[in-house]
Amino acid sequence: MDFDFHHYVDGCWVTPEAAKTLELCDPATELVRCRVPLAGAEDVARAVEAAHSALARGWLETSVSERLIYLHRLIAEIENRRDQFAHIISQEMGAPIDFCKAHQVEASLAHLRGFVDAMTVQGAIDTPIADDPMHRVRYEPMGVATLITPWNWPLNQIALKVGAALMAGCTMVLKPSELTPLTGHLFAQCMEATELPHGVFNFLIGGAEAGELLTAHKRVSAISFTGSTRAGQLVAAAASIGFRRLTLELGGKSPNLLFADCDIATAVRQGVAHCFRNAGQSCNAASLMLVEDGIYDEVVTSAADIADTYHADLPQKSGPHMGPLVNRAQFVRVQNFIENAIEQGARCVSGGAGRPDGLNQGYFVRPTVLVDVTPDMNVAREEVFGPVLTIMSFRDLDDAVLKANHSAYGLAAYIQSSDAHMANEAARRINAGMIQVNGNSRALGAPFGGTKSSGLGREAGIWGIRAFQELKSISGLSLTTEA
């Protein structure tokens, strides 16, 4: 079928100018689902100009309280469309419907509520330095922001970027992944319903060409991109020409350290779940399990037994099963990783290459556990982005940290130990942007982002908002001075 796709520009739904289209297949059936028109140069130019014009029409001068009104309206609009979003996300990227309702949609709402809390508590435009009202820092919107989001958590990533840019006082052009255009389209309808001034929010359906044009446009002041490390390097190169503010949330190969004194049963159960969640298609998936020698055999047996209880099924079915991967390219990529790891000497104790039994079509993969992995194997260093858990042993803290830092990535790490001193020392020495100890999730509004090849900057909460603002130091004027 062909959905009637439109861009949303300057407060109006407009027909795409470009003739290029992309054919999308249903992840569960491999049948053609729709053809998506991709934005071209004229579409991009029109959207950026609308965002730039909205700044001059007064959006730059909006107060925090005004911005919060629109954010509250957006939250209400998404809440009213919970089930619709869940069904669309499930259809587009293959996540099971119950998972979409409980996690894909709810995560986006949690982030938006986090922005409300951040702005209410910490969002003052002017803040005094050292409690001296004659010296202050002023936070000013950067201007037009380009927002490029991925397909794996399509609504969540849109909410992270749009909510932050909106609260910062920027205008924006959103280009969600061309693999999940319906999610973006429905979100744009929510934004329209907030009755924002025309041009503050603009939405384009596009692929790599539109992304390149949006990151290189001279009127764009800030770029927030989530995607692959390779694509992030290209975005960074384009952003450097105009010294544009850049936030990059890229790939990950997040280690999960299990020390011998941890609660083994809980650590393994949570570790497998964190790797297999969303069919492994999460940048912060705990996909590399590092296990102390003394408990290695026990952990391997337990991980295999737990993985064997996971099963895949159709996305529209209710239940805790795993859905397919998003498309054929991702399916082939994961199969190649599994086969290559076994060729390099890894031992497969659960799952393996091929589709699960009873599923002969669709991009379904077998939840897989690979053990006796060594640091030189591709599967130990590279992001698989599928339900593939790799397990490697370590001798002591020094060896664990060495292996945890071996990857080029530095997004997240997970530590399991009953020794607080040991856990703290590991957390201090591991080079990653986010550390979670003993299954404790990040607090609402905690900064999300990484180091090394995992990107630059942070998202969520006040850190996400400040990423779209310039800091201006003002001395010699009271906070009460009229402009």
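The values are calculated or read from the model by the stated rules, or taken from the named source; none is laboratory data. If you're wondering where the values come from, they're calculated on a predicted model, not measured in any experiment. Every residue, glycine among them, receives a Cβ derived from its backbone with ideal geometry; neighbour counts consider all protein chains shown.
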For the stretch 380-421, which positions are within 21 Å of residue 441 (Cα to Cα) and among the charged types (D, E, K, R)? 419
Scanning the stretch 113-138 for residues that are within 19 Å of residue 70 (Cβ to Cβ) and of a type in the set (Asp, Glu) gives 117
If you check residue 76 against the conditions, is it at pLDDT below 95 and either small (Gly, Ala, Ser) or part of a helix (DSSP H, G or I) (or both)? no
If I go through the stretch 158-211 residue by residue, how many of them are assigned to a helix (DSSP H, G or I), in contact with an Asp or Glu (Cβ under 8 Å, 6 or more places away or on another chain), under 22 Å from residue 457 (Cα atoms) and not basic (Lys, Arg)? 2
Working only within the stretch 334-362, note down all residues that are more than 16 Å from residue 310 (Cα to Cα) and either assigned to a loop (DSSP other than H, G, I, E, B) or touching a residue at least 40 places away in the same chain (Cβ under 8 Å) (or both). 334, 337, 338, 341, 344, 345, 346, 360, 361, 362
Starting from the stretch 310-328, take each residue that is within 10 Å of residue 362 (Cβ to Cβ) and list its partners that are of a type in the set (Phe, Trp, Tyr) and assigned to a loop (DSSP other than H, G, I, E, B), counting only C-beta distances under 6 angstrom and pairs at least six apart or across chains. 312/364; 324/363; 324/364; 325/363
Any residue in the stretch 417-433 that is assigned by TED's automatic domain parsing to the domain that holds residue 276, of a type outside the set (A, V, I, L, M, F, W, C) and under 16 Å from residue 250 (Cα atoms)? yes
Could you check, for the stretch 329-341, whether at least one of its residues is aromatic (Phe, Trp, Tyr) and within 25 Å of residue 410 (Cβ to Cβ)? yes
I want to confirm something. Restricting to the stretch 50-67 and keeping residues that are in a helix (DSSP H, G or I) and out of contact with any strand residue (DSSP E or B) (no Cβ under 9 Å at 6 or more places or on another chain), which single residue is nearest to residue 125 (Cα to Cα)? 64
Hey, residue 230 hits all of (1) under 21 Å from residue 380 (Cα atoms); (2) modelled with pLDDT of 95 or more; (3) not polar (S, T, N, Q); (4) not assigned by TED's automatic domain parsing to the domain that holds residue 370 but one; which does it fall short on? (2)
Just for strands (runs of 3 or more DSSP E) wholly inside the stretch 118-157: which have at least 3 residues that are among the charged types (D, E, K, R)? 132-141
Which of the residues spanning the stretch 317-361 are touching a His at 6+ places or on another chain (Cβ under 8 Å) and surrounded by fewer than 20 Cβ atoms within 10 Å (Cβ to Cβ)? 321, 356
Across (1) buried (at least 18 other Cβ atoms within 10 Å of the Cβ); (2) under 17 Å from the mean Cα position of the chain (by Cα); (3) more than 27 Å from residue 58 (Cβ to Cβ), residue 162 clears everything bar (3)
Enumeration of residues in the stretch 234-261 that are closer than 21 Å to residue 405 by Cα and either touching a Ser or Thr at 6+ places or on another chain (Cβ under 7 Å) or not in a strand (DSSP E or B) (or both): 249, 250, 251, 252, 253, 254, 259, 260
Return the residues of the stretch 215-227 that are under 16 Å from residue 171 (Cβ atoms) and either not assigned by TED's automatic domain parsing to the domain that holds residue 204 or not hydroxyl-bearing (Ser, Thr, Tyr) (or both); say none if nothing qualifies. 217, 218, 219, 220, 222, 223
Whichever residue in the stretch 21-43 is touching a Gly at 6+ places or on another chain (Cβ under 7 Å) and surrounded by fewer than 19 Cβ atoms within 10 Å (Cβ to Cβ) and, among such residues, is farthest from residue 177 (Cα to Cα): 29
Exactly one of (1) assigned to a helix (DSSP H, G or I); (2) in contact (Cβ under 8 Å) with a residue 60 or more places away in the chain; (3) surrounded by 18 or more Cβ atoms within 10 Å (Cβ to Cβ) is unmet by residue 46. Its number? (2)
So if I check each of 213, 246, which one is touching a strand residue (DSSP E or B) at 6+ places or on another chain (Cβ under 8 Å) and modelled with pLDDT of 95 or more? 246
If I ask for residues that are touching a residue at least 60 places away in the same chain (Cβ under 8 Å) and farther than 19 Å from residue 469 by Cα, which ones from the stretch 229-253 would you list? 229, 232, 235, 250, 251, 252, 253
Of residues in the stretch 405-442 being closer than 28 Å to residue 151 by Cβ and hydrophobic (A, V, I, L, M, F, W, C), the one surrounded by the fewest Cβ atoms within 10 Å (Cβ to Cβ): 408
Number of the condition not met by residue 270 [criteria: (1) modelled with pLDDT of 95 or more; (2) part of a helix (DSSP H, G or I); (3) in contact with a helix residue (DSSP H, G or I) (Cβ under 6 Å, 6 or more places away or on another chain)]: (3)
